[in-house]
Each structure stands twice: as C-alpha cells, then as structure tokens.
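Written below as structure tokens is the structure these notes are about.
All of the numbers you see were taken from the coordinates with simple rules; none came from a lab. All figures in this text were calculated on a predicted structure; none of them were measured in a lab. Cβ coordinates were reconstructed from backbone atoms using ideal geometry, including for glycine residues, and neighbour counts include every protein chain displayed.
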C-alpha cells in the first residue's frame, strides 16, 4: 500500500507545474522568449520532466539535471518553426568535469524575418523592412552531492533589439533533483527566470523626437517684422 501511494504521489508531482506571478502582469512582462521550450523531450512532455531531465535539455527545464551527464561531451544544434513564421535557433553543449560537476551552456535566438515598416503616413508600408533580434545566452553548473541529490544553478543574459531600441537583462535559475532510495521515483524542483528588469536604451529615438519637436516649434514662431 505504501509503495502504491509513493508511485501515485510521484506521478502527481511529475505531472504538475506551478507558475508564479499574475495574469494581469503578462502584458508588461519582458523577455517572453525565455518561455519558448526547446528540446524534444521537454516539448513532448510539456515540461513535466523536471525530475528526470538530463543533458542539454536540463538548461531549460531544470539545471540540476546537468549532473546526470557524468562523462564525455554532449552537443546539440536545432531549429524550430514557431508561430507567425518565427524560427527558433538553439545550440548548446555540456561537458562533464569529473567529481567537480558538470558545466553546460546554450544559445537561443529568434529569427523574425523581414517585417514591413509602417508609419502614420504609410500604414500599408513604405517599402522598408526591419528585423528584431532576440538573443539569450545561458551558462549553468550542476553537481551530484550524493547518489540521490543533484543541485544546479544557471545564469542567463537576455538581449532584445528593435532597430535603434535595445534592452538587456539578466536572470537566474536554480534547480534540485532528488531520487527516492526505495522507490522508482524522482522529485524535481526548479525556480527559473528570476532576475532584474531589462534596461532599455532609447537615446537615439529620444534625440530624434526632440529635434523634430524643436523644428516644429521654430516653424510655428511668427516672423518678426
């Protein structure tokens, strides 16, 4: 009876996910590309493999899973067609450092293609195009503290650029995996994407807006007789 209960509890934990924050703040949240899943196992299981993930996929789902890769070098390169003709390119590598632990890093970028530029004077487009650049670099380290406990930490650098406007930020991931000694169960907990607000650089746009308004003010001044 106890074994049946443990199996049921393990399945319930692996099949559940908790999301922090409120729905109201989603409209003002940045770096939404961090939520785009990567890795075939993670996508197929919808992120429920927090307790069993390993290798490169662990840098997205649960960084503690890096410790499950305990020998050699692993690499991966992939591209995925996302919504609205957006391509997601992902590359990563993981290397085992013996008893020290396991180190891994990934790079993810979004390709939006050429987007027609529209203005208030040309709502259908003026023939020009622009292409936003969204880029995320992740580096993580994990270690097995025993044959049952894995702990990992990862840092992320986020960059978003749309023409002259750019924003940068940093985020932190922390994860733990625990394997029950007398039952075929694995428990995983991951805290992801905890970081600072993105710093936006709009100095060029502000200067252009100021000069245009200054010219308009000068044009509206009456001529002195």
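Summary table
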{"quantity": "Sorted by Cβ neighbour density within 10 Å, fewest at the top, the residues 82, 178", "calculated": "82, 178"}
{"quantity": "Rounded FRET efficiency, nearest 0.05, which uses the C-beta distance separating residue 103 from residue 164 and R0 of 35 Å", "calculated": "0.45"}
{"quantity": "Förster-model FRET efficiency, 35 Å R0, residue 128 and residue 153, C-beta, rounded to 0.05", "calculated": "0.20"}
{"quantity": "Cβ-Cβ FRET estimate between residue 182 and residue 78, R0 fixed at 41 Å, reported to 0.05", "calculated": "0.60"}
